[in-house]
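The structure appears right after this line, and notes come after that.
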Amino acid sequence: MTSTTKAPPLYPKSHILAASGVAALLSLALLVFPSREVEAKKTYLNLELDNGAEYAEQQDGLESAASLTRQSPFASTAVTDTSTSDESQAAQVAPPPESDPLHRIVSVENGDTLSTVFAKVGLSATTLHTVLNSSKEAKQLTRLKVGQALEFKLSADGQLESLHSKLSDLESIALTKSDNGFSFKRKLVKPEVQTSYSHGVIKSSLFLSAKRAGLSHSLTMDLANVFGYDIDFAMDIREGDEFELIYEKKVVDGKQVGTGNILSARFTNRGKTYTAVRYTNKQGNSSYYSANGESMRKAFIRTPVDFARISSRFSTGRRHPVLNKIRAHKGVDYAAPRGTPIKAAGDGRIVLAGRHGGYGNAVIIQHGQRYRTLYAHMNGFAKGIRSGGNVKQGQIIGYIGTTGLSTGPHLHYEFQVNGVHVDPLSQKLPMADPIASSEKARFMQLSKPLMAQMDKEKSTMLALNNQR
Ligand SMILES: [Zn+2]
């Protein structure tokens, strides 16, 4: 408690090293670390600035991965074949021979509206009106996407019998003529869940190696989160680090449409191997444990920012560019684009959320009796973050900015144990509880085969590589 009430920032914000490198780092960071919300392929761009060749080589995989999500919507039979139970309408939308004039497929083009699409198949404005007024849900037919396929079935006299459209690999909608207008139906496909194995060796970035191994961006984030208590993915990753995992793959008609949970994984970081197994306990709660049942979860996550870059290391003496004095820099700086979310390192109570002298917008969290973390120079606070409130580990508390004594957007992060500043990067973190002894046997029944399977997959893969 006492240390927060003392006079403001004895420590620094921006630093000589940072000052020289910050502009370059930030422009790099902007390319490399888009916000987490920005999924998809763009986030891979320029992750490997130091290796253009490797990047170019990845283009193909990237394209094919992207194309998964905009698969030909014409394959509507895929939906009907695998859809569950009460799909009596299914047969009606299976595409008849192409020559059938009563069956028309229109691909939505730029500028199309439902009205222009209807006109293309010779349907009147009156029909359109009837369709749109047939139900509340039918109105969502007006939300067309370029490339979306609308499949019409017409009666011999050219009247609308049914309309079917696939919105995604897992979802399609259908409109069918009924006694009193049209009935609307949404179909959700339940994908088959299979497991898949991937292995990769890091050459220059986790993301590129993961992509080379066939992992999506979100799966790679999941992998990083699983090991996020042991490995600082902003600082610790080295060339030659290795990962392997078994994960769930969602498949519809032989085609992968998404991924599920990581079931087990191994990550070798700087020669040390960490293991992880996903386990759902008897109460139905899932979390990750090491292969022998130790909890992966710890009281603190290593990096309070996702994949940010550190602009300077912990040190004890440094010229402060703003105060022009040597100050101990009792924290770690993570340079990242303005607006990058900052996460609470652990569960705790917010001692302060507000202006705090040279720290600018700062949050101080008390974790139990011994630990305290501080986050400075924030652009702003996350909703609901205020002094006296509680936070959960990983909860977003604010966003990176450059308020207070700071020369560029970064998070200044401090870690105190019993009121003494320590280097968060070198801290041995307190462990959470291991698996309950009553569930240990059940856990090992799951863990052992998964580890054995990874061993087997890996040796098969290595043997194949050696044959080439
Ligand atoms: Zn700092």
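Shown here: segment 338-392, whose C-alpha atoms stretch 30, 21, 16 Å along the first, second and third principal axes, sorted largest to smallest. With the convex hull of the Cα atoms taken as the outline of segment 206-293, the averaged projected area works out to 6.7 nm². Taking the Kirkwood radius as Rh and the Cα radius of gyration as Rg, segment 163-265 has a ratio of Rg/Rh equal to 1.21. Taking 16 Å as the straight-line reach from the Cα of K120, the lysines in range (excluding those fewer than 8 positions away in the same chain) are K153. When its C-alpha radius of gyration is set against 2.2 N^0.38 Å (N residues), segment 385-468 gives a value of 1.91.
Of the listed pairs K211/K392; K187/K249; K343/K440; K250/K282; K139/K166; K166/K250, which have alpha-carbon separations greater than 23 Å here? If you can, show how the numbers build up before the last one.
Details: K211/K392 31 Å; K187/K249 21 Å; K343/K440 32 Å; K250/K282 25 Å; K139/K166 16 Å; K166/K250 18 Å.
Table pairs above 23 Å Cα-Cα are K211/K392; K343/K440; K250/K282.
The Cβ shell under 13 Å around A441 holds other residues with a net charge of +3, Lys and Arg each +1, Asp and Glu each -1. Distance between the C-alpha centers of segment 209-237 and segment 130-154? Whole Å please. Cα centroid of segment 209-237 versus Cα centroid of segment 130-154: 40 Å apart.
Computed from phi, the 3J(HN,Hα) profile of segment 290-301 under the Karplus parametrisation 6.51, -1.76, 1.60 (θ = phi - 60°) reads 5, 4, 9, x, 6, 5, 7, 6, 10, 5, 9, 7 Hz, with x in place of Gly and Pro. Look at where the Cα atoms of segment 156-183 and of segment 264-283 average out, and the two centres are 48 Å apart. Charge tally for L450 (other residues, Cβ to Cβ under 12 Å; Lys, Arg +1; Asp, Glu -1): +1.
Rule-of-thumb check for segment 96-139: C-alpha Rg over 2.2 N^0.38 Å? Before the final figure, lay out the partial values.
Numbers: Rg = 12.0 Å, N = 44, 2.2 N^0.38 = 9.3 Å.
My calculation over the Cα atoms of segment 96-139 gives 1.29.
What net charge do the residues around G260 carry, taking every other residue with its C-beta under 14 Å from that of G260, with Lys and Arg at +1 and Asp and Glu at -1? Charge balance in the 14 Å sphere: +1.
Each reported figure results from applying straightforward, stated rules to the coordinates on display, with no laboratory input. Since the model is a prediction, treat every value here as computed from it, not as a measurement. Glycine also receives a Cβ, built like all others from the backbone with ideal geometry; neighbour counts cover every protein chain displayed.
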